[in-house]
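Colleague: My structure is below; once you've seen it, I'll send some questions.
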Amino acid sequence: MKYDVVLFDLDGTLANTAPDLALALEALRAPGSPPLDRERIRRATAIGTRALLWEGLGIEPGMAGYEAARGAFLAHYDRLIGQATELNPGIAPVLDTLDDRGLPWGVVTNKPERLARRVLEALDLHGRARCLVGGDTAARSKPHPDPLLHACALLGVAPARCVYVGDDQGDVEAARAAGMPALAAAFGYATPEEAAGFGADGLLATPADLLLRVL
């Protein structure tokens, strides 16, 4: 094995969670509002709640009502998790192979830990992931290194012996700051051209490419 652990980002990397997030945004929009641009929602999903609320509702931190809108959005999302979220194509056999070969894997995401756990449960992955670190688990979320370092502490492994797979610039920055190799997923919410510009240690055109890098 080339690494002791593989850590994955969740939204866009392991799973396409954008459809459920779009449903949650739709529930908060005024009747008669134009349809959401689903591609823009996909891109905002890679960044997080703040970007989704701006894209879907035109509201951002500092504006009146932001915290109330954020709470309502997360409550709707909690209720809707699992309705349309799916593993990205090709991810399931990769996880099966990692399990079969005895290479542990975990999830480090900026999604709140409780909601991330609900997503993993909906995808029948919660019992298989060796760790789950959410955006509120450590003191700071990505692109800070804290979540990745917390995952390493949970698993008892040095950062240099892990590899992090993500589809956003912040994923690569977090890994770099943690002293951890990073692989950019060109099959996630970033375009292949964007993923190639993240400065990662490698580019994964498909999930199966990961196996060539870690086994």
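Values in this text are rule-based calculations from the coordinates and carry no lab data. Please read these numbers as outputs of a predicted model, since none were measured by experiment. No Cβ is skipped: glycine too gets one built from the backbone with ideal geometry, and neighbour counts run over all protein chains shown.
Colleague: Please report the relative contact order for the stretch 18-80, taking Cα pairs under 8 Å with a sequence separation of at least 6, and give it as a percent rounded to a whole number.
Modeller: 41
Colleague: About the Cα centre of the chain, how large is the charge dipole given +1 on each Lys and Arg Cβ and -1 on each Asp and Glu Cβ? Please answer in debye to the nearest 20.
Modeller: 320
Colleague: If you average 1/r across every pair of different Cα atoms in the stretch 1-106 and take the reciprocal, what Kirkwood value do you get, in Å?
Modeller: Taking the inverse mean of 1/r over all distinct Cα pairs, the stretch 1-106 comes out at 15.3 Å.
Colleague: Stretch Leu203-Ala72 to full length: gain in nm at 0.36 nm per residue minus the Cα-Cα span?
Modeller: Working it through step by step, the gained length comes to 43.5 nm.
Colleague: Tell me, what is the percent relative contact order of the stretch 26-176, built from C-alpha pairs under 8 Å that lie six or more residues apart?
Modeller: Numbers: 145 pairs, mean separation 23.5, N = 151.
Relative contact order, the stretch 26-176: 16 percent.
Colleague: Shifting gears a bit: Express as a percent, rounded to the nearest 5, the fraction of DSSP beta bridges in the chain (both residues included) that run antiparallel.
Modeller: Bridges in the chain that DSSP calls antiparallel: roughly 10 percent.
Colleague: Rounded to a whole number, what is D in µm²/s for the chain from Stokes-Einstein with the Kirkwood radius over alpha-carbon pairs (20 °C, 1.002 mPa s)?
Modeller: 124
Colleague: While we're here: Measure nothing but the geometry: give the 0 to 90° angle between the long axis through the Cα atoms of 146-155 and the longest principal axis through the Cα atoms of the chain, rounded to 10°.
Modeller: For 146-155 against the chain, the angle is about 50 degrees.
Colleague: Can you classify the stretch 123-215 as rounded, prolate or oblate using the Cα gyration tensor, where a ≥ b ≥ c are the square roots of its eigenvalues, rounded means a/c under 1.5, and otherwise it's prolate if a/b beats b/c and oblate if not?
Modeller: Taking the square roots of the gyration eigenvalues as a ≥ b ≥ c, the stretch 123-215 is prolate.
Colleague: Give me the Kirkwood hydrodynamic radius of the stretch 18-80, using the inverse of the mean 1/r over all pairs of distinct Cα atoms, in Å to one decimal.
Modeller: 11.5
Colleague: Let me ask something else about it. With each run of n ≥ 4 DSSP H residues scored as -39500 (n - 2.57), what mean residue ellipticity at 222 nm is computed for the chain after dividing by its residue count and rounding to the nearest 500 deg cm²/dmol?
Modeller: Dividing the helical sum by the residues of the chain leaves -12500 deg cm²/dmol.
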